[in-house]
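Following: one structure in structure tokens, then a few remarks.
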Number of protein chains: 2
Amino acid sequence: MAVYTDVSDEALRAFLADYEIGDLLACKGIAEGVENSNFFLHTEAGNFILTLYEKRVREEDLPFFINLMGHLARAGLACPQPVRNRSGTALGRLCGRPAAIVTFLDGVSLSRPNAEHCRALGAALAGLHQAGRDFSMRRENNLSVGAWRPLFLQAEGQADTVAPGLAARTRADLDVLEASWPEGLPSGVIHADLFTDNVFFIGDEVSGLIDFYFACTDAFAYDLAISLNAWCFDADGTFHRDKAGAMIAGYDAVRRLEPAEVAALPMLARGAAMRFMLTRLVDWLNVPPGALVQPKDPLEYDRRLAFHRRASDARDYGWVG
Amino acid sequence: MAVYTDVSDEALRAFLADYEIGDLLACKGIAEGVENSNFFLHTEAGNFILTLYEKRVREEDLPFFINLMGHLARAGLACPQPVRNRSGTALGRLCGRPAAIVTFLDGVSLSRPNAEHCRALGAALAGLHQAGRDFSMRRENNLSVGAWRPLFLQAEGQADTVAPGLAARTRADLDVLEASWPEGLPSGVIHADLFTDNVFFIGDEVSGLIDFYFACTDAFAYDLAISLNAWCFDADGTFHRDKAGAMIAGYDAVRRLEPAEVAALPMLARGAAMRFMLTRLVDWLNVPPGALVQPKDPLEYDRRLAFHRRASDARDYGWVG
């Protein structure tokens, strides 16, 4: 959510000389994306986004992300399409950092999506899963169940300073999740971070999905569980069954959920909430002095976990199939 | 250089409903401007900049700034043109803050302008002064000679921690400036902050001037002196006579400098350097914890002051008239 690197006009012009997108007309640093520096570019060929990849994105993962966006865009998904330079690659270097130019997508993120927006999001997510079916690269999900206990151990000693009892209930949840984590579900490329700020709408239609820098290979239904958490709860933990039911139905209408996926949904939703509670908790306890980015509240996900603990069936999430 | 206020899509849509610029297509927070929150807006009518005025801009000054931009744009200057809403005003409120929409200007700021860019800037600055001649509002320059001693007093005790001897030489400079500050020069609307990041170029042509939030009523030649300081020195204090000479000549070709203005130029340049040294010094000594903005180095202007102290004649700045 910040611009970490200043790019001089000279460095930018030299970089753009390798691309066939015409002369530079305007460049503005924009507050978008979590870990990278992003710039709005206007050139003679139109509007683009320039991204400089900062430290927290592993450089060896970039070909997966860049090739995935290209693959999905060619398959018709509304997502940023990487622009190749004259050497035929979409990954260059600028100011000492890996850098890429992607197409600009119109659309606005919604602060308070309603059930129909959630239905549209479910359908778009299923479309993403379909479009990624024949993508040949793989990337393990390094924030799945196996990563949660080590994350928790970093925060365990201080967890109760954030909320009384947080350490004990997290420990108990982890025991359940590790013992019962669903395996063998239909898998492929998932977005793994499809929060509202990564989905653009024009009117009530999804116009674009962005920020594929957590994408990986994992169970499709886990991706749905992440978005259920992100879109269907208020910050105070209030669950909106109408939104969740619409999202699941929207998904199912495009890619039919298998019975095993439906059965696994409560556990997947609980795991997804755990994943975000834990990364937020670690970030919360480790805010560097002078940080540009305000840490997100881990307790929003602790409150979702309270809901998930009580859920036993996909019907608790509005599934009516 | 940051976005200080989050604007929800709902608040933005409600705000835009008062404007005749079509539906919202995209909105990105941008890292532009010093003290305000700025957003790139794409609507059915084109590209715009939305500005939310944060605390450091005095609300009672906003009509001056907004009306000035409108006046200059109507006079043909390439500057942001405020967009009026359906009530006929260009100043609204959004998220509890005064807010305005202005037209988007193409162009890129130069990191290292050459002499020909400086000539073009001089001509553009003279054009601004001509275009503002018949603007009826006035705003005192509250960062002119009378403000410098009070600023210095805020920093005097700590000045030598920034550079040895800084307090003594600043005190001596202030004595000279206060005793000899030029009065009675041709005056009118000046930009008062025309640094390279506030001037856009397309190719070698000036395509736009932005950020009028220090504009005020003062001597035209003082504005030229500010830009001479900003454009014609390196950070280490090296002076580029070719750039300065080109800027003055470019200015003089559009608006003929009077002999009194030429004679006053060394003192005006010294005062302009003092003004930026002092505001930077105060900011440098008062960085709030967790600040979003890196303070600028006051010593860049201390080094310019060393040059100005030795200058006695406009010819020292490349004037050849």
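Can you give the local net charge around B:LYS296? Use residues other than it whose beta-carbon is closer than 10 angstrom to its beta-carbon, Lys and Arg +1, Asp and Glu -1.
Net charge in that neighbourhood comes out at -2.
Quick one: with label points 7 Å out along Cα→Cβ, list the inter-copy distances for B:ASP283 in nm, shortest first?
B:ASP283 label point versus its equivalents elsewhere: 2.8 nm.
Quick one: among B:ASP23, B:ASP197, B:ASP173, which has the greatest mean-square fluctuation in a GNM of chain B with alpha-carbon springs under 10 angstrom?
It is B:ASP23.
What average number of partner chain Cβ atoms lie no more than 10 Å from the Cβ of the residues making up A:22-30?
Neighbouring Cβ atoms belonging to other protein chains average 6 per residue here.
By how many degrees, between 0 and 90 and to the nearest 10, does the Cα long axis of helix B:241-254 differ from the longest principal axis of chain B?
Approximately 60 degrees, to the nearest 10.
What is the mean number of Cβ atoms from other protein chains located within 10 Å of the Cβ atom of each residue in peptide A:303-315, rounded to a whole number?
Average per residue, whole number: 0.
Express in % the proportion of alpha carbon pairs of the protein assembly as shown at distances exceeding 33 Å.
Roughly 54 percent, rounded to a whole number.
In nm, one decimal, shortest first: how far is the label point of A:ARG13 (7 Å from Cα along Cα to beta carbon) from the matching points in the other copies?
So the label point of A:ARG13 gives 4.3 nm to the other copies.
Expressed as a whole number of Å, what is the distance separating the alpha-carbon centroids of segment B:1-64 and segment B:103-126?
Here the two parts' Cα centres lie 25 Å apart.
Rounded, prolate or oblate: which fits segment B:9-103, taking a ≥ b ≥ c as square roots of the Cα gyration tensor eigenvalues, rounded meaning a/c under 1.5, else prolate when a/b beats b/c?
rounded
Report the local net charge at B:GLU183: Lys and Arg +1, Asp and Glu -1, summed over other residues whose C-beta lies under 13 Å from its C-beta.
Net of charged neighbours comes to -3.
Using a 10 Å cut-off on Cβ to Cβ distances, tally the other chain neighbours for every residue of B:4-11 and report the average as a whole number.
Going residue by residue through B:4-11 and averaging, the value is 3.
Arrange the peptides B:16-22, B:65-71 so that the one whose residues have, on average, the most other Cβ atoms within 10 Å appears first.
Highest-to-lowest ranking by the protection proxy: B:65-71, B:16-22.
With each label point set 7 Å from Cα along the Cα-Cβ vector, what nm distance links A:ARG86 and B:ASP6?
Distance between the two pseudo-spin positions: 4.4 nm.
Rounded to whole Å, give me the distance from the Cα center of segment A:246-310 to that of segment B:294-315.
56 Å
Neighbouring Cβ atoms within 10 Å as the yardstick, rank B:CYS95, B:CYS216 fewest first.
B:CYS95, B:CYS216
Give the span of segment A:140-186's Cα atoms along each principal axis, as three whole-Å numbers ordered largest to smallest.
Taking max minus min along each principal axis of the Cα atoms, segment A:140-186 gives 39, 19, 12 Å.
Quick one: net charge of B:TYR53's neighbours, Cβ under 11 Å, K/R +1, D/E -1?
Value of the local net charge: +1.
Going from the alpha-carbon gyration tensor of segment A:175-215, what semi-axes, largest first and in whole Å, does one get by taking the root of 5 times each eigenvalue?
Computed over segment A:175-215, the values are 29, 11, 10 Å.
Relative to the longest principal Cα axis of chain B, at what angle does helix B:259-285 sit, 0 to 90 degrees, rounded to 10?
The answer is roughly 70 degrees.
Ratio of segment A:178-319's C-alpha Rg to 2.2 N^0.38 Å, to two decimals?
Expressed relative to 2.2 N^0.38 Å, the Cα Rg reads 1.06.
As an exercise, use a Förster radius of 25 Å and the Cβ-Cβ distance of B:ARG169 and B:ARG241 to find the FRET efficiency, rounded to the nearest 0.05.
0.60
Specify which residue in the list A:ASN198, A:THR279, B:LEU62 is farthest towards the positive end of the charge dipole of the protein assembly as shown, using unit charges on the beta carbon of Lys, Arg (+1) and Asp, Glu (-1), about the Cα centre.
A:THR279
For B:SER227, A:SER180, A:SER207, what ranking results if the residue with the fewest other Cβ atoms within 10 Å of its Cβ goes first?
The order, fewest Cβ neighbours first, is A:SER180, A:SER207, B:SER227.
Evaluate the Debye formula for segment B:118-224 with equal point scatterers sitting on the alpha carbons, no solvent, and hand back log10 of I(q)/I(0) at q = 0.19 Å⁻¹, in q order, two decimals.
-1.01
Over chain B, with a Gaussian network built from C-alpha contacts below 10 Å, which listed residue (B:GLY132, B:GLY203, B:GLY92) shows the highest mean-square fluctuation?
It is B:GLY203.
What share of all Cα pairs of segment B:207-259, in percent, falls into each consecutive 5 Å distance bin?
Histogramming segment B:207-259 at 5 Å steps yields 4, 16, 24, 25, 20, 11, 1 percent.
If every alpha-carbon in chain B counts as one equal scatterer, what log10 I(q)/I(0) does Debye give at q = 0.07, 0.10, 0.12, 0.14 1/Å?
Taking Cα atoms of chain B as identical point scatterers yields -0.29, -0.59, -0.85, -1.13.
Relative to the longest principal axis of the C-alpha atoms of chain A, give the angle of the C-alpha long axis of helix A:299-310, reported between 0 and 90° and rounded to the nearest 10°.
40 degrees
Mind telling me which of A:PRO298, A:PRO80, A:PRO288 comes out most flexible in a GNM of chain A, alpha-carbon contacts under 10 Å?
Ranking A:PRO298, A:PRO80, A:PRO288 by mean-square fluctuation puts A:PRO288 first.
List the distances, in nm and shortest first, from the label point of A:SER136 to the matching label points in every other copy, placing each point 7 Å from Cα along the Cα-to-Cβ direction.
Reported distances to equivalent positions: 7.3 nm.
Residue farthest toward the positive end of the dipole of the protein assembly as shown, with Cβ of Lys/Arg at +1 and Asp/Glu at -1: which of A:LEU151, B:LEU268, A:PHE214?
Of A:LEU151, B:LEU268, A:PHE214, it is A:LEU151.
By what distance, in whole Å, do the Cα atoms of segment B:83-161 stretch along each of the three principal axes, largest value first?
In descending order, the Cα extents are 54, 42, 28 Å.
I need the calculated FRET efficiency for the pair A:VAL287 and B:GLN130, taking r as the beta carbon distance and R₀ as 41 Å, to the nearest 0.05.
Given R0 = 41 Å and the Cβ-Cβ separation, E is 0.20.
Values quoted throughout were computed directly from the atomic coordinates according to the rules given, and no laboratory measurement underlies them. Here the structure is a predicted model, which is why all the values come from computation and not from measurement. Positions of Cβ are generated from backbone atoms using ideal geometry, with glycine treated the same way; all protein chains shown enter the neighbour counts.
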